[in-house]
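Since the structure comes first, as structure tokens, the remarks are kept for the end.
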Amino acid sequence: MIKLSLDLVLFIFRTWLRIFNSIEVKGLEKIPRTGPLIIACNHLSISDPPALLSFTALTRRVNVMAKKELFSIPVLGWFILRWGAIPVDRKKEGGDLGALRGCLAALKRNGCLTIFPEGTRAKGRKLPAKSGVAFLAHKSGAPVLTARIFNSDNFAKLGKITVKYGNIRHFEPQADLKAAYAQFSESLLSDIFSITKE
């Protein structure tokens, strides 16, 4: 019953985006069907998670980190929890270790995890990359597939949205892990923003 409900919600999201936002999704075939995987994507608006996840789910089920405040919203909180969303407290000093443990557990079950490395919606700003993706890639051994969303900030205006998957990267540990995390994180953002719409 729960799986049917989730599949129905995903279908509704896809249908809405196809009809009202003429969404175009490119590169779904780049998503490995098995094994641990992290999908790293830019973040423009609140429509990004449903746009990305509902189409990725055509290939495989996805987990995603979501701010803990969303889980207290009636109906929405129930769905995103069963959707595989992992609550994260963005205000926690030093980062939310519980959320990272939840992500690692999902990856160690050979799951697929979607993360927005900027940590929040960019809203036209250039944000530094958070090191969480690098940490998870290192600890889980999961490859990272880049993706980029175009024009989702015009979701409410019914503008056309494009989602395009890029290339896979692997984290390679170095003696100075902190520097390696920072370098990998910045490289990921560069890869994401080097993805062109065409």
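Derivation of every value follows stated rules applied to the coordinates shown; laboratory data play no part. Keep in mind the model is a prediction, meaning the values are calculated, not measured. Heads up, the Cβs are rebuilt from the backbone with ideal geometry, glycines too, and the neighbour counts pull from every protein chain shown.
So for LYS68, LYS160, fewest C-beta neighbours within 10 Å to most, what's the order?
Numbers: LYS68 19, LYS160 14.
With the sparsest Cβ surroundings first, the list reads LYS160, LYS68.
For LYS160 and LEU97, what is the calculated FRET efficiency with R₀ set at 41 Å and r taken between the beta-carbons, to the nearest 0.05?
Calculated value: 0.55.
By how many degrees, between 0 and 90 and to the nearest 10, does the Cα long axis of helix 2-20 differ from the longest principal axis of the chain?
The angle comes out at about 80 degrees.
Can you give me the relative contact order of segment 2-194 as a percent, contacts being Cα pairs under 8 Å and 6 or more apart?
That works out to 30 percent.
Hey, with R₀ at 22 Å, roughly what FRET efficiency would SER22 and THR196 work out to, going by the Cβ-Cβ distance, to 0.05?
0.75
Which loop GluC sites (Glu not before Pro) in segment 69-120, with loop taken from DSSP, have no more than 14 other Cβ atoms within 10 angstrom of their Cβ?
In loop regions of segment 69-120 (DSSP not H, G, I, E or B), the sparsely surrounded GluC sites (Glu not before Pro) are GLU93.
Toward the positive end of the charge dipole of the chain, about the Cα centre and with charges on Cβ (Lys, Arg +1; Asp, Glu -1), which of ALA51, LEU107, ALA182 goes farthest?
Farthest along the dipole direction, towards plus: ALA51.
Okay, helix-only estimate at 222 nm for the chain: each DSSP H run of n ≥ 4 adds -39500 (n - 2.57), divide by all residues, round to 500 deg cm²/dmol; what do you get?
One gets -12000 deg cm²/dmol as the mean residue ellipticity at 222 nm.
Kindly identify segment 1-60 as rounded, prolate or oblate by the Cα gyration tensor criterion: order the square roots of the eigenvalues as a ≥ b ≥ c, call it rounded if a/c is under 1.5, otherwise compare a/b with b/c, prolate if a/b is larger, else oblate.
Here segment 1-60 falls in the oblate category.
Subtracting the Cα-Cα distance from 0.36 nm times the residue separation, let me have the gained length for VAL9 to LYS30 in nm, one decimal.
Once the chain is fully extended between VAL9 and LYS30, it gains 5.2 nm.
Measure up LYS68/LYS157; LYS67/LYS178; LYS30/LYS164; LYS30/LYS160; LYS26/LYS157; LYS67/LYS160 against 19 Å on the Cα-Cα distance and list the ones that go over.
Checking Cα-Cα distances, LYS68/LYS157; LYS67/LYS178; LYS30/LYS160; LYS26/LYS157; LYS67/LYS160 exceed 19 Å.
As I understand it, the value is the acute angle between the Cα axis of helix 97-108 and the longest principal axis of the Cα atoms of the chain; what does it come to in degrees, rounded to 10?
80 degrees
Can you work out the PRE-style zone for PHE79? Point 7 Å along Cα to Cβ, and I want the residues of segment 11-25 with backbone N under 13 Å.
Label zone hits: 11-17.
If one takes the longest principal axis of the Cα atoms in the chain, at what angle in degrees, from 0 to 90 and to the nearest 10, does the Cα axis of helix 177-194 lie?
30 degrees
List ILE192, ILE38, ILE12 from most exposed to least, where exposure is judged by having the fewest other Cβ atoms within 10 Å.
Ascending number of Cβ neighbours within 10 Å: ILE12, ILE192, ILE38.
Evaluate the charge dipole of segment 3-54 about its Cα centre and quote only its size in Debye, nearest 20, assuming +1 on the Cβ of each Lys and Arg and -1 on the Cβ of each Asp and Glu.
120 debye
Under a cut-off of 14 Å between alpha-carbon atoms, report the aspartates and glutamates in cross-link reach of LYS139, not counting same-chain residues fewer than 8 places apart.
GLU172
Is segment 41-146 rounded, prolate or oblate when judged by the Cα gyration tensor, a ≥ b ≥ c being the square roots of its eigenvalues, rounded requiring a/c under 1.5 and prolate requiring a/b larger than b/c?
Rounded, since a/c falls under 1.5.
Pick out which of SER152, SER72, SER45 has the largest mean-square fluctuation in a Gaussian network model of the chain, springs linking Cα atoms closer than 10 Å.
In this elastic network of the chain, the residue with the biggest mean-square fluctuation among SER152, SER72, SER45 is SER72.
So how strong a dipole does segment 1-145 carry about its Cα centre when Lys and Arg Cβ are +1 and Asp and Glu Cβ are -1, to the nearest 20 debye?
On the way: 23 positive and 9 negative charges, 34 e Å.
Here segment 1-145 has a charge dipole of around 160 debye.
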